[in-house]
Structures are given as C-alpha cells and as structure tokens.
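Notes follow once the structure below has been shown.
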Amino acid sequence: MEKANKVAQITLIFWLMKIIATTLGETMGDYISMTLNLGYLTALLVTLLFFLIVLAIQLASDRHIPIAYWLVIIATTTLGTEISDFIDRTLHLGYTLGSLLLFSGLVTVLLVWYKRFGTLQIYPIFNRDKEVFYWLAILFSNSLGTAFGDYLSDVVGLSYLHGALVTAGVILLVVLLHYYTKIDHIILFWAAFIFTRPFGATFGDFLTKPQANGGLALGTLVSSLVALVLMFMFIIISHKRLNLRN
C-alpha cells in the first residue's frame, strides 16, 4: 500500500495560516507566561507538553489531517515564544546570543536532515523519520523567528509596528526572489518560514502591548481568541479543500 503524504502543501493559504499561527503563538505564549503569571519556566513546560502531545498525534496519523498538522504548527509557535523568552529572561543570555544559538540549532538539524536523506524536500513527506526532522526544523525556525523579532524591538529599538513592516519587507523580497530568480526553492521556503515568525510575533506584540509602548493594548486573551477563531476558520477551509481533492 502506497504511503500518504503527511504535511500541508505550500500554497497561499498555507502562508496566511502560518502568519495567523505565529501571531497566535506570540499572544498565547505571553498569555500563559505573563497574563496568567505562571513564569517562563512553567510556561515552557506547559507548552512543551502540549507540543509533545499534538506531535505524537500527528506522527501517529497515516495521512495529512489539517487540524492535526496545524495544531503542531501552533504548538511550535507557542513553545518558540517560551523558548525565546526563557533564553533571554530566565537564562539572561539576551536575544542576540539567543538568536545565534537557535540559528545554529536550525542549521544543525537541516544539515543532519540533508546528510541522512540527501534532500531537504518539504513537500510531500511520506517517511516518518524525515517528518521528525521536518518538525524539529520548524520548531527551531519558529523559536529563532521569535528571538529575532524580539531582537528587532528590544535590541535594535524598532517599534512593534516598524518591526512588523521590516519583516514584511523581507518576506516580500523572498517572494520576489522566488518568482524572478533561480535560487533554490527550499532555501527560500526556510527563509520565508523564519521571517513569517517575527512578523507574526511583532504584530502580536503590536496588538497586545500597552499604548505607551507603541501597542494597541487589546490584551493577550482577546488577541489570542481572535487569532484562534481565524485559525480554525482556515482549518475548516483546508479540510474542505482536501476532501474535494480526494
């Protein structure tokens, strides 16, 4: 019996959902650690547990199931927020060193992935071992994107809105490179995947932070609920599109 693909196809709706998921990951991560006042270590453990549970469900499935797939994406963005904050605010390593450490982790995962399978193809994926590398790379890229987004605001000094505009500009550049150059599409995918994270993170901060700090002060809970509703609307659409194809 031929194995079925396990991951989402890279389309426009994929990138829209990725941006919403990253925004949700930022606001939900801040809600758990800050609004609920659980602290960064406890929040890290809570989100790690959620990640492991939904990842186990995703790995156990024998085909691509949008809700399972996107719950893992949401889990990586939320856990990525806690990893970045834990590195900076608990270990006091700073966002610069944190970004370098997470970038090194991502490169290491990609190199081992390539050495083992001879390719970094991200769609389709049938092999479960390759899927594990896929999710490890996504976790590192989302954590890196979070740290880089915080680097732009806390180290470079950009406002949350300006940080979102800078990362949006980088994403637009990657899109242009995709259409008008012959740069490997896998390299461009990971570049876009990384930079959609700080875009979502800085936009999430823009929604939730106090107006005195350049935010809209909507709060982490309200922002998370709005993002969650939008996310599940797109998941329903994804299920319907998948059923039509099958």
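The values are calculated or read from the model by the stated rules, or taken from the named source; none is laboratory data. Everything numeric here is computed off the predicted structure, so don't read it as measured data. Quick reminder, even Gly has a Cβ in these numbers, built from the backbone with ideal geometry, and neighbours come from all protein chains shown.
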If you go through the stretch 115-153, how many residues are touching a helix residue (DSSP H, G or I) at 6+ places or on another chain (Cβ under 9 Å) and either over 25 Å from Val170 (Cα atoms) or aliphatic (A, V, I, L, M) (or both)?
-> 20
If you scan the stretch 121-132, which residues turn out to be part of a loop (DSSP other than H, G, I, E, B) and under 18 Å from the mean Cα position of the chain (by Cα)?
-> Ile122, Tyr123
Quick one: is Ile83 among the β-branched types (Val, Ile, Thr) and in contact (Cβ under 8 Å) with a residue 40 or more places away in the chain?
-> yes
For the stretch 144-164, how many residues meet the condition of being loosely packed, with under 14 Cβ neighbours inside 10 Å and farther than 15 Å from Thr96 by Cα?
-> 0
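Could you pull out the residue among Asp154, Asp184 that is among the acidic types (Asp, Glu), modelled with pLDDT of 85 or more and over 17 Å from the mean Cα position of the chain (by Cα)?
Asp184
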In the stretch 97-120, which residues are assigned to a helix (DSSP H, G or I), surrounded by 14 or more Cβ atoms within 10 Å (Cβ to Cβ) and either in contact (Cβ under 8 Å) with a residue 24 or more places away in the chain or of a type in the set (D, E, K, R) (or both)?
-> Gly98, Ser99, Leu102, Phe103, Gly105, Leu106, Val109, Leu110, Trp113
